[in-house]
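Comments concern the structure below.
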Amino acid sequence: MKDLHDNQTIDIEDVVQSQTEQVGDKANSLEDGLVIVDFISRGRDGERTLQEVKMLVDDIEVTGSVVRKGRIEWFPKDALKFKGTLERRAQRLIGSSGIPYGRLTAIPVCDLDKLLDGLSKIKAEFAEKVNDLDLNFDTLIEDHKKANPENASLIDKLKSSKDEFISRFSFEVCPPMAFKPYLADDSEKTSESLSDSLYDEIVKDAEYIHNKLLSGHTEKGQKAINVVRRLRDKVNKLSFIDERFADLVDEMDDILKDVPKSGNVGGLPLKACVGMVSAMTSRERLESCISPSLDIEDPDELNTTSVTDEVTSSSVTDTPANQPISKTGFGEW
């Protein structure tokens, strides 16, 4: 087929084959690089709804769809807080490794073993807490009745049997599942969704690091700096989603290589670290720090000026003589 706007001959079959290979490569990249990990936690809240309860206002019984049935706490809720605590810990652990994909979380395959080990420990702690409930069930209810003597008889009436109550608690880690779009043509769209999600995660983490750990300090210990390093590692493990994130990792490495790995960090290394994280708290600024990945067919159209050069040169005239200039795409600090 002849392209009327060019003097080159285009083979449509070659183009289709090339595009098909690119879609296949992307699909394989996602499947080989990501997995879905989740858990299921179950339990009881130690409450029972009263069916016969009446609501009175000025001695007049109130009825209708807006009236809610009364609930009685027959088991002390403080003894059940472990369930929510461990669920949140498991959610944070999964979130620290991966990025959201809708209501699921996509995890880098390289983090899977470590993540499953962490979830296994949470499961073991959950089982230990449930065992404590089993051993102390009667004592906990008796103490609850003593603390609420006016409802002691009601607690006795509404309480579940120990075996029935304990059997309702469980914590299970779902078997990891391969991350693969059902339709091969959706691979590019899936990659774009994951890329957006990673941008959002970077901005969220950077806001926390900047506002809670770094901003306003003249010195920080390695514990705070290591949080920045962990963000760099997370981006690096997920950078196969979009090669622009590999550029971001390079930019971060340029900053972090000059940050001491022991002792407190202050002076220019800390300022550089704060400036870098600050730039990452805005998606617009973050995107401007990453060199665009373009498919350029004509070498003459290639602009050899890097983002680093562009930011540095454009900042020099506005930068005071005593203000250090960033050597990377993150601008001045």
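Read-outs: derived from the displayed coordinates by stated rules, not from any lab. All values reported here derive from a predicted model rather than from experimental measurement. Every residue, glycine as well, gets a Cβ built from its backbone with ideal geometry; the counts of neighbours run over all protein chains shown.
Sticking with the crude label model, points 7 Å out along Cα→Cβ, report the distance from Asp138 to Ala152 in nm, one decimal please.
In this crude label model, Asp138 to Ala152 measures out at 1.7 nm.
Could you give the length gained on full extension between Lys77 and Glu188, defined as 0.36 nm per residue of separation minus the Cα-Cα distance, in nm? Please list the in-between numbers first.
Working: separation 111, 0.36 × 111 = 39.96 nm, distance 4.75 nm.
Once the chain is fully extended between Lys77 and Glu188, it gains 35.2 nm.
What FRET efficiency comes out for Glu287 versus Asp32 if R0 is 30 angstrom and r is the Cβ-Cβ distance? Round to the nearest 0.05. If you can, show how the numbers build up before the last one.
Numbers: r = 27 Å, r/R0 = 0.89.
Efficiency for this residue pair is about 0.65.
Can you list the residues, at least 5 places off or on another chain, whose amide H is less than 5 Å from the amide H of Met280, using H built in the peptide plane?
none
With a/c under 1.5 counting as rounded, go ahead and sort segment 154-232 into rounded, prolate or oblate using the C-alpha gyration tensor (a ≥ b ≥ c being the square roots of the eigenvalues; past the cut-off, prolate if a/b is larger than b/c, else oblate). Don't skip to the answer; put the middle values down first.
Values: a/c = 3.33, a/b = 1.35, b/c = 2.46.
Oblate.
Could you tell me which of the pairs Lys123/Lys159; Lys114/Lys261; Lys81/Lys157; Lys180/Lys204; Lys180/Lys220 are separated by over 30 angstrom between their Cα atoms in the structure shown? Numbers along the way, then the final one.
Numbers: Lys123/Lys159 27 Å; Lys114/Lys261 24 Å; Lys81/Lys157 24 Å; Lys180/Lys204 26 Å; Lys180/Lys220 42 Å.
Listed pairs above 30 Å: Lys180/Lys220.
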